[in-house]
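Working notes, structure below.
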2 protein chains.
Amino acid sequence: MSNLSTTSDDILACARSLIVAGGYNGFSYADIADVVGIRKASIHHHFPSKVDLVRTLVARYREEADAGMANLEHQVSDPLEQLRLYAGYWEACIADATAPFCVCALLASQLPVLPEEVGLEVRAHFRSLSAWLTSVLERGARHGQLQLMSTPRAEADAFMATVHGAMLSARAYGDPKIFGAVTGPLLERLAPRLPPATALALG
Amino acid sequence: MSNLSTTSDDILACARSLIVAGGYNGFSYADIADVVGIRKASIHHHFPSKVDLVRTLVARYREEADAGMANLEHQVSDPLEQLRLYAGYWEACIADATAPFCVCALLASQLPVLPEEVGLEVRAHFRSLSAWLTSVLERGARHGQLQLMSTPRAEADAFMATVHGAMLSARAYGDPKIFGAVTGPLLERLAPRLPPATALALG
DNA sequence: GACAGCCATCCTACCAGAAGGTAGGTAAAG
DNA sequence: CTTTACCTACCTTCTGGTAGGATGGCTGTC
């Protein structure tokens, strides 16, 4: 395991955190150069153009996200627990401020001004995240581990939207706790109502 | 009532649509000049700096939003209907693509790179929107017109987050229908589960 | 009504710095 | 002797912003 913390990795990591802060037009090669400790021109050696850099960055982000979903998929069997861990991952990221926003969610908000190649990657992430959530919800509903109120697909899109909106609110309020406050009840609502007494009391 | 469609109004309107498309760093004075049909320098006559322009723009947006909430508040009495109309407003905006995103939601995503003065206005919008939603939900719950699963405040933040996330998904999918698909069930869930007899009696 | 003054609007022309990017060189490693 | 990684130096275009002048409508005053 040689520490291949290559310069290009440093550039990507730096660019990622800059994008998370301000989006595609919110950073420049000069910003990266300052942080990484390299000259502007050297970045062009690794990534000829800004589009190359961001496309690579989003592609890698997607790989990580896909790997994360796959990991959840064969480490955890309970669908509700999978969703809890997914939300918990973001809750932790937001709490320690390491990466308090999904790269693709942020870029998606600027889709109209994004280079096409980047936009395609961003949209692809939404599709694969939605597809995974749909499969989790579908399985959970089929086995009675989750309680859905509409189709798995519709619930998945609602779940994703709420998670993204919760990131936004946490940022707007400047309060990481908001994320958990919004996603907590979202997960609760999906849990099957086991205790009959409580369920009846709600009627 | 002379039609005071002043140049400064045109500038603000143009800047708003550009911000909705790409955020604070997604447009320049030159872009506005091209659209409005004026020279770059003339914009500085109306708005000395970009911060002035965007601060004014967001302040006006907030006024309109506040007016919209106040209007809903004394035109419609049923809380659920108020929420439906609120969501419906955005559904229409997204469908006809006139303003397919909330200015403040988009700017909030870039809060870390926003000039402080603009950031303050953006945060203020989140607070007043959340406060209004909270009051609607609280009243609805008190009068049995809405069915909440947690505190009005928590439900309000969840509602707001889901609406914002739905805007994002609609943009990411490039499909306006997604917004309604996400917010529809959200509203349904808040409607009280009335026994058929009662429902008919109310009809 | 004539005339001066004023001020809002918009203009041309310009600026400094930042943007993304290129050319061509050096040093080291294989 | 080529490749990789980095450099200095430079380019072009865009950026937000300024200086100062032309126009033209509104005043007040005689």
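The values are calculated or read from the model by the stated rules, or taken from the named source; none is laboratory data. As the structure is a computational prediction, the values presented were derived from the model and not from experiment. Here Cβ is always computed from backbone atoms with ideal geometry, including for glycine, and neighbour counts include all displayed protein chains.
A few points about this structure:
- Candidates B:THR151, B:THR162, B:THR183: the one that is in contact with a Gly (Cβ under 7 Å, 6 or more places away or on another chain), within 12 Å of chain A (Cβ to nearest Cβ) and among the polar types (S, T, N, Q) is B:THR162.
- Residue list for the stretch A:111-135, restricted to those being crowded, with 18+ Cβ neighbours inside 10 Å and in contact (Cβ under 8 Å) with a residue 60 or more places away in the chain: A:LEU114, A:VAL118, A:GLU121, A:VAL122, A:HIS125, A:LEU129, A:TRP132
- Condition broken by B:ALA156, with the remaining ones in (1) of a type in the set (Gly, Ala, Ser); (2) outside any loop (DSSP other than H, G, I, E, B); (3) more than 20 Å from A:LEU186 (Cβ to Cβ) satisfied: (3)
- Residues (within 8 Å of DNA strand D (Cβ to nearest atom) and more than 14 Å from chain A (Cβ to nearest Cβ)) located in the stretch B:44-62: B:HIS44, B:HIS45, B:PHE47, B:PRO48, B:SER49, B:VAL51, B:ASP52, B:LEU53
- The stretch B:136-153, residues that are surrounded by fewer than 23 Cβ atoms within 10 Å (Cβ to Cβ), assigned to a helix (DSSP H, G or I) and in contact with an Asp or Glu (Cβ under 7 Å, 6 or more places away or on another chain): B:PRO152
- Residue check: B:GLU81 meets all listed conditions (1) away from DNA strand C (no atom under 16 Å from the Cβ); (2) within 14 Å of chain A (Cβ to nearest Cβ); (3) free of Cβ contacts under 8 Å to residues at least 12 places away in the same chain but one, namely (2).
- Test: residue in the stretch A:92-99 that is within 16 Å of DNA strand D (Cβ to nearest atom) and either within 14 Å of chain B (Cβ to nearest Cβ) or part of a helix (DSSP H, G or I) (or both): no
- For A:ASP10, the requirement of being within 14 Å of chain B (Cβ to nearest Cβ), within 15 Å of DNA strand D (Cβ to nearest atom) and either in contact with a helix residue (DSSP H, G or I) (Cβ under 9 Å, 6 or more places away or on another chain) or β-branched (Val, Ile, Thr) (or both) is not met.
- Scanning the stretch A:165-180 for residues that are surrounded by 17 or more Cβ atoms within 10 Å (Cβ to Cβ), more than 7 Å from chain B (Cβ to nearest Cβ) and over 19 Å from A:PRO79 (Cα atoms) returns A:MET167, A:ALA170, A:PRO176, A:PHE179.
- Any hit, the stretch B:58-75, residues being within 16 Å of DNA strand C (Cβ to nearest atom), touching a residue at least 12 places away in the same chain (Cβ under 8 Å) and farther than 19 Å from B:ALA156 by Cβ: no
- The set of residues from the stretch A:13-38 being out of contact with any helix residue (DSSP H, G or I) (no Cβ under 6 Å at 6 or more places or on another chain), within 14 Å of DNA strand C (Cβ to nearest atom) and away from every other protein chain (no Cβ under 14 Å) comprises A:ASP34, A:ILE38.
- Checked against (1) modelled with pLDDT under 95; (2) under 18 Å from the mean Cα position of the chain (by Cα), B:THR7 passes all but a single condition, namely (2).
- Within the stretch A:39-57, restricting attention to residues that are more than 8 Å from DNA strand C (Cβ to nearest atom) and closer than 13 Å to A:ILE19 by Cβ, the residue that is surrounded by the most Cβ atoms within 10 Å (Cβ to Cβ) is A:VAL54.
- Condition check for A:ALA87: surrounded by 20 or more Cβ atoms within 10 Å (Cβ to Cβ), away from DNA strand C (no atom under 12 Å from the Cβ) and within 25 Å of A:GLY180 (Cβ to Cβ): yes
- Scanning the stretch A:15-34 for residues that are assigned to a helix (DSSP H, G or I), free of Cβ contacts under 8 Å to residues at least 60 places away in the same chain and within 13 Å of DNA strand D (Cβ to nearest atom) yields A:GLY26, A:TYR29, A:ALA30, A:ILE32, A:ALA33, A:ASP34.
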